[in-house]
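Everything below concerns the one structure shown next.
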Amino acid sequence: MIANAAVKTGARSVAYTYNDPVIFLEYAVDVAQACHERGG
């Protein structure tokens, strides 16, 4: 969803303001992998 939105809007990067490592790490990795698969 985030990767698709980034592609659709022409964004060159994805940034976050939330950084609790216990909850956030798996989410960030999933998003990074999705962005990479989309060519980012």
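Observations, loosely collected:
- Restricting the first member to the stretch 23-40 and to residues that are free of Cβ contacts under 8 Å to residues at least 60 places away in the same chain, and the second to residues that are surrounded by fewer than 14 Cβ atoms within 10 Å (Cβ to Cβ) and part of a helix (DSSP H, G or I), the beta-carbon pairs closer than 7 Å and six or more apart or on different chains are Arg38/Val7.
- Positions within the chain being surrounded by 10 or more Cβ atoms within 10 Å (Cβ to Cβ), part of a loop (DSSP other than H, G, I, E, B) and of a type in the set (Gly, Ala, Ser), in sequence order: Ala11, Gly40
No lab work stands behind these numbers, since they all come straight from the coordinates. These numbers were taken from a predicted model, which means no experiment stands behind them. Virtual Cβ from ideal backbone geometry, glycine too; neighbours counted across all protein chains shown.
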